[in-house]
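First the structure, in the form of structure tokens, and then the observations on it.
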Amino acid sequence: MKKILIIDDNADILFVMQQALEMRGYTVITSEIFAGVASIEKSAPDLIYLDVSLLGKDGRDVSRELKKNAGTMNIPIVMLTAHSNPEELAQEAGANSFLMKPFDLTHLWEKTAAFA
């Protein structure tokens, strides 16, 4: 069973994503904050969904930090964003891909299946 970590400071988005992914058989961990690289290494997710605009932290910085760390660099990161240039933003962050907000469940499931 694949494990997905979702980091987003919007509780409603966390809830919807968790329910949708659990319906497809994934184990889902959610967090409203970035708890640090060590926390992610310990939970060992197969995929990370990471919001660009976290409370008190820029998701792009978090992505770059994770990609520089030997224990997390190979975990795919999908940026969650409503920005107008999502491809550029994901590339700038060193992320593997992006998912536009608002999203429909089909896109969420397809993106997850592609990376997890």
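Structural remarks
- Filtered by the rule that a residue be closer than 13 Å to Leu80 by Cα, touching a residue at least 24 places away in the same chain (Cβ under 8 Å) and outside any loop (DSSP other than H, G, I, E, B), region 1-24 gives Leu5, Ile6, Ile7, Ile13, Met17.
- Number of residues in region 44-68 that are modelled with pLDDT of 95 or more and among the hydroxyl-bearing types (Ser, Thr, Tyr): the value is 2.
- Of residues in region 19-30 being of a type in the set (A, V, I, L, M) and open to solvent by 30 Å² or more (accessible area, probe 1.4 Å), the one farthest from Thr106 (Cα to Cα): Ile29
- Test: residue in region 82-97 that is in a strand (DSSP E or B), free of Cβ contacts under 8 Å to residues at least 24 places away in the same chain and in contact with a strand residue (DSSP E or B) (Cβ under 6 Å, 6 or more places away or on another chain): yes
- Checking region 31-39 against the condition returns a match, with at least one residue being open to solvent by 50 Å² or more (accessible area, probe 1.4 Å), under 17 Å from Thr72 (Cα atoms) and assigned to a helix (DSSP H, G or I).
- Residue list for region 57-81, restricted to those being assigned to a loop (DSSP other than H, G, I, E, B), in contact (Cβ under 8 Å) with a residue 12 or more places away in the chain and not β-branched (Val, Ile, Thr): Asn69, Gly71, Pro76
- The residues of region 40-83 that are among the basic types (Lys, Arg) and either under 22 Å from Leu108 (Cβ atoms) or surrounded by fewer than 15 Cβ atoms within 10 Å (Cβ to Cβ) (or both), listed by number, are Lys42, Arg60, Lys68.
The values are calculated or read from the model by the stated rules, or taken from the named source; none is laboratory data. Treat the numbers as computed from the prediction; the structure is a model and nothing was measured. No Cβ is skipped: glycine too gets one built from the backbone with ideal geometry, and neighbour counts run over all protein chains shown. We work out accessible area using only protein heavy atoms, side chains counted, and drop any ligands, DNA or RNA first. Shrake-Rupley method; radii C 1.70, N 1.55, O 1.52, S 1.80 Å.
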